[in-house]
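This report concerns only the one structure given below.
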Amino acid sequence: LIDLVIRNKGKNRLTGKDSIQFEQYDKLKFGFLDPNVSQKKGLLDLGYLFQNVDTLSQPGKKLLAIYQEESNAHVYGKQNPSKFKKQIFSQKKTEFDKRYINNPNVQEFMNYMFQQVDVYDESVYLLNKQFLSPIADNGKIYYKYFITDTIFNDEGYYIQLAFEPRNQEDLLFSGNLEISMDGSYAVKRAQLKLNKQTNVNWLKDGEIRFHYRKNEDGVMLSDTTMTFLTLGVGSGESIFAQRLSINDAYQLNAPFPAHVFQG
């Protein structure tokens with residue numbers, strides 16, 4: 001089964017399409033995880049921060065964001081010749097006091113460390129490290145796979161495939177994939193968990209979730225990607241980083257506006 005998934009990657013991944021355009025909403029957050037609010041009440045005029053703890057985004061966790069960035073963009077890509085462009089048409093982000101913090105550097109650092117990712121990439125880039133995708137061309141050398149379930153619903157017939165590293169200390173994931181059994185062997189869902197034994201500084205825990213939806217022509221399109229990482233040292237206070245990307249309004253093989261790839 002995993003051979004069939006790998007063999008059909010080229011026709012299923014978005015970057016393999018002759019031309020594609022879609023709209024993307026992107027949200028990046030960074031802050032404290034499960035802050036000890038009782039110890040912060042004496043903080044001069046900053047006490048209001050701890051009245052806005054998010055308890056909904058991650059069930060069972062409390063998030064106190066200190067940096068947030070949101071944007072909406074038009075994304076265009078084509079082959080022959082290969083070109084890609086993302087045009088941001090609206091954006092809001094946290095602005096710190098310029099006397100003490102270089103805001104452009106903060107934004108650049110956050111976007112570099114927590115880049116947008118795709119399970120179809122050979123390597124998934126996180127925290128300045130490259131983790132091998134479970135559907136990479138040589139994935140079978142590094143991962144073990146197990147069929148755990150079959151799924152029949154309104155979206156079709158899928159097989160759930162669990163995977164785990166052969167070596168827990170390598171830069172690898174554990175988790176599961178949902179594979180479409182309509183002949184395309186495309187990924188419908190993917191859950192990639194970072195192993196605590198993985199040798200990455202500061203990393204306590206992490207997870208990436210991918211969801212793909214099938215269009216009217218049967219092509220599986222990237223719908224939602226969510227990355228959530230927990231960072232810290234020992235039993236001390238932890239920080240989190242979360243990135244959410246939602247893609248919509250896809251157009252495949254449609255002509256581009258003439259000015260798109262200029263400038």
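In the context of the full set of protein chains, region 47-160 has a per residue accessible area of 63 Å² (1.4 Å probe). The angle between the Cα long axis of helix 103-113 and the main principal axis of the chain comes to about 40°, on a 0 to 90 degree scale. Annotation: lysines with alpha-carbon distance below 22 angstrom to LYS85 (same-chain offsets under eight excluded): LYS11, LYS17, LYS27, LYS93.
Here's how it looks for LEU132: its modeled amide H is under 5 Å from those of VAL124, which are all 5 or more places away or on a different chain. Based on protein heavy atoms only, region 211-254 ends up with 43 Å² per residue of surface accessible to a 1.4 Å probe. According to the Cα-based calculation, Rg over Rh for the chain is 0.99, with Rh computed by the Kirkwood formula. Give me the lysines in straight-line cross-link reach of LYS204: C-alpha distance below 21 Å, same-chain residues under 8 apart excluded. In chain and number order, the partners are LYS29, LYS61, LYS62, LYS129, LYS193, LYS196.
Using 0.36 nm per residue of separation minus the Cα-Cα distance, give me the extension gain between ASN138 and GLN79 in nm, one decimal. It would help to have the intermediate numbers written out before the result.
Details: separation 59, 0.36 × 59 = 21.24 nm, distance 2.49 nm.
Value of the extension gain: 18.7 nm.
Could you put TYR120, TYR100, TYR142 in order of accessible surface area, largest first, with the 1.4 Å probe and the full protein assembly present?
On the way: TYR120 5, TYR100 170, TYR142 90 Å².
Most to least solvent-accessible, the answer reads TYR100, TYR142, TYR120.
The heavy atoms of PHE163 present about 10 square angstrom of accessible area, all protein chains included, probe 1.4 Å. Spacing of the modelled spin labels on GLU108 and GLU216, each 7 Å from Cα toward Cβ, amounts to 4.5 nm. Taking 7 Å steps out from each Cα toward its Cβ at ASP182 and ASN167 produces label points 3.9 nm apart. Dividing the summed helix terms, -39500 (n - 2.57) for each DSSP H run of n ≥ 4, by the number of residues in the chain produces a 222 nm estimate of -2000 deg cm²/dmol to the nearest 500.
Please give the FRET efficiency for ILE66 paired with GLN197, using the beta carbon to beta carbon distance and R0 = 25 Å, rounded to the nearest 0.05. Each step should come with its number before you reach the end.
Numbers: r = 29 Å, r/R0 = 1.17.
Working from the Cβ atoms, E equals 0.30.
Pairs of Cα atoms in region 217-263 fall into 10 Å distance bins, from 0 up to the last occupied one, in shares of 17, 26, 25, 17, 12, 3 percent. Taken over region 154-239, the percentage of Cα pairs per 10 Å bin, counting from 0 up to the bin with the maximum distance, is 16, 38, 27, 14, 4, 0. With each label modelled as a point 7 angstrom along the Cα→C-beta vector, the GLN115-LYS86 pair spans 1.1 nm.
The alpha carbon gyration tensor of region 82-155 gives principal lengths a ≥ b ≥ c with a/c of 1.5 or higher and a/b greater than b/c, which makes the shape prolate.
Given region 117-263, report the % of alpha carbon pairs whose separation exceeds 18 Å. Display every interim value, and only then the final one.
Working: 6714 of 10731 pairs.
Value for region 117-263: 63 percent of Cα pairs lie more than 18 Å apart.
Can you give me the % of accessible surface on the chain that is carbon or sulfur? Probe 1.4 Å, all protein chains present, nothing else counted.
Details: 7180 of 14560 Å².
Summing carbon and sulfur atoms, their accessible area is 49 percent of the total for the chain.
Assuming charge only on the beta carbon of Lys and Arg (+1) and of Asp and Glu (-1), the dipole of region 73-183 about its Cα centre is about 740 debye to the nearest 20. Relative contact order for the chain: 21 percent, from Cα pairs under 8 Å spaced at least 6 residues apart, divided by residue count.
The values are calculated or read from the model by the stated rules, or taken from the named source; none is laboratory data. Keep in mind that what you see is a predicted model, and the values were worked out from it rather than measured. Cβ atoms come from the backbone with ideal geometry, glycine included; neighbour counts cover every protein chain shown. Just the protein is used for accessible areas: all its heavy atoms, side chains included, with ligands, DNA and RNA removed. Shrake-Rupley method; radii C 1.70, N 1.55, O 1.52, S 1.80 Å.
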